[in-house]
Structure formats: C-alpha cells, structure tokens
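Trainee: Could you have a look at this structure, given as structure tokens, before my questions?
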Amino acid sequence: MQNETGNNVSNSNDITKLEAEVRSAVAQGDNVQETVRRLTLTALSTQHDLESLRRIITAVMQGMREGVQQPLQQATAQAHTAQTQITNAVAGLDAALAQLAEASKLALEEAAGRAQKFSHEELSHARADLESLEALFLDTLQVSASAAKGLVADTLHDLVSHAKHNGTAVGTQLKDTLTTFTQQMTVAGHAQLDAGVQLTHATADLLRKIAAGVLSGLTERVKSSSKAKDD
C-alpha cells in the first residue's frame, strides 16, 4: 500500500504544476483550447475520483484566470484576445471532461467485448461520479466567475449562462455514457469483479493514450472494436 502522506504531497504537486502549465499556456496564447484539453486529460489519467476532479477543474480555472491577466495588463486593446483565450481554455476543459466520460463508456464496451465484467458496486460508484460531473464543471465555472473581476468575470459569467442554456460537451457525452452504464449494470447484477479488471484503471489507460495522441479519437476506436467483434 502506498503511503497516504506521500500521495497527498504528490497530488498537491501535480495540481500546482497543472495550474502553472495552464497559466503559462493562456498567457502565451498559442493553441489554448488544445493545450488545456491535453493538460487536463493528463491530470485526469492520474486520478479522476470526485474530489480529484474538483481539484483539477479548480486548478485549470485558477491557472486560466491568472494567465489571462498578462495580456490584459499589457494593453486594453488585448481585451478581445483575452476573451478568446478564456473561452478556449474553458472549451478545452469541457472537451477533456467529455473525453473522460467517453473513455469510461469505451472501457465498458471493450471489457464487454472481451467477456469481462465490472462489479455492480464499482459501476454504481463510477456512475454516481459521472452523474455529478457536468454540475461540478458548471459550479466551478460559476465560483471562478464570482472570484474574478472585470472582463474576466464578465466573460466567465457569459460562458456559464451560455452553458446552462445551450448545454456543454461533457453534458452531451454523459447522456450516451450513462445509457451504457445503465445497460452494463443490468447485465452485471451483483456479480463479483471478473478477471481483476478495474474500470478506473481501464479508463485512466485510455485517457493517457488520448492525451499522448495515441488515440486520435475514441469514435474510431469504438468502430474498430465493433468491427472486430463482428468479424
């Protein structure tokens, strides 16, 4: 068993690093959405329980708020650029959370294709975390908007309002993912964990591959998996 204190120190360092990397990406302004998406996925592949999700999302938002101050301080003319960077950073975070939900769905489908099963208890726990994921994203966005000032606050409040009225990428993906969870939980019943497979580990493995660019898209992987089963 790993030392809990050591884990806490490591997690704290990882969160601090994530915040700094997001801050740097936003300040530099190059490919912000993709960079934030990749950084978030990398963090999620290490831990994605509910409390870790909260820390990761908060760190991304804090890094974004601090990073965007640099162009704002340079000149008022940079306001539009700052708004774009904020929007892109939030979109990157949203996309990463959507890919977490999609990776969980794919992990279930791939395990089913290999006749492997997850325990009902693990599926229930994972489903509960996923069900609260969009709300956690929106709540953290709202808190960040309330903590910010000026243009940053206005832009974030607009993004919160837009997300609530038009939906989010993670919310859209969750509908599909949770349907798959319901189906698998019906099949699983109260069966014991089979073949030592853990959903969290399978999901984390997929997230690492996506963050590294090994999987260009989960949809293609699902199609390949389905075709293999048909053959």
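The values are calculated or read from the model by the stated rules, or taken from the named source; none is laboratory data. Being a predicted model, the structure only gives us computed values, none of them experimental. We place every Cβ from the backbone using ideal geometry, glycine too, and count neighbours over all the protein chains shown.
Trainee: Please go through region 102-155 and give me each residue that is of a type in the set (A, V, I, L, M) and not in a helix (DSSP H, G or I), ordered by number.
Mentor: Ala115, Ala148
Trainee: Run down Val36, Val9 and say which single residue is under 15 Å from Ile86 (Cα atoms) and either at pLDDT 85 or above or not acidic (Asp, Glu) (or both).
Mentor: Details: Val9 fails: under 15 Å from Ile86 (Cα atoms).
The unique qualifying residue is Val36.
Trainee: Looking at the structure I just gave you, is Thr155 under 17 Å from Leu93 (Cα atoms), modelled with pLDDT under 95 and of a type in the set (S, T, N, Q)?
Mentor: Details: under 17 Å from Leu93 (Cα atoms): yes; modelled with pLDDT under 95: yes; of a type in the set (S, T, N, Q): yes.
Answer is yes for this residue.
Trainee: Is there a residue in region 103-114 that is of a type in the set (Gly, Ala, Ser), under 15 Å from the mean Cα position of the chain (by Cα), closer than 21 Å to Gln47 by Cβ and surrounded by fewer than 23 Cβ atoms within 10 Å (Cβ to Cβ)?
Mentor: Pass one, region 103-114, residues of a type in the set (Gly, Ala, Ser): 103-104, 107, 111-113.
Next cut, under 15 Å from the mean Cα position of the chain (by Cα) only: 103-104.
Those still in the list that are closer than 21 Å to Gln47 by Cβ too: 103-104.
Still in the list and also surrounded by fewer than 23 Cβ atoms within 10 Å (Cβ to Cβ): none.
Checked region 103-114: no residue is of a type in the set (Gly, Ala, Ser), under 15 Å from the mean Cα position of the chain (by Cα), closer than 21 Å to Gln47 by Cβ and surrounded by fewer than 23 Cβ atoms within 10 Å (Cβ to Cβ).
Trainee: Just to be sure before I move on: is Lys175 over 16 Å from the mean Cα position of the chain (by Cα), modelled with pLDDT of 85 or more and not small (Gly, Ala, Ser) in the structure I sent?
Mentor: Answer is no for this residue.
Trainee: Let me ask another. Of the numbered conditions (1) modelled with pLDDT of 85 or more; (2) within 17 Å of Ala96 (Cβ to Cβ), His48 satisfies every one except a single condition; which is it?
Mentor: Here His48 meets the rest and fails (1).
Trainee: Please pick out the residue among Ala91, Ala82 that is under 23 Å from Val143 (Cβ atoms), at pLDDT 90 or above and hydrophobic (A, V, I, L, M, F, W, C). Steps first, please.
Mentor: Numbers: Ala82 fails: at pLDDT 90 or above.
Sole residue among the options that is under 23 Å from Val143 (Cβ atoms), at pLDDT 90 or above and hydrophobic (A, V, I, L, M, F, W, C): Ala91.
Trainee: Sticking with this structure for a sec: Could you give every pair whose Cβ atoms fall below 6 Å, whose first residue belongs to region 120-137 and is basic (Lys, Arg), and whose second residue is in a helix (DSSP H, G or I) and modelled with pLDDT of 85 or more, counting only separations of at least 6 or pairs across chains?
Mentor: Arg127/Phe181
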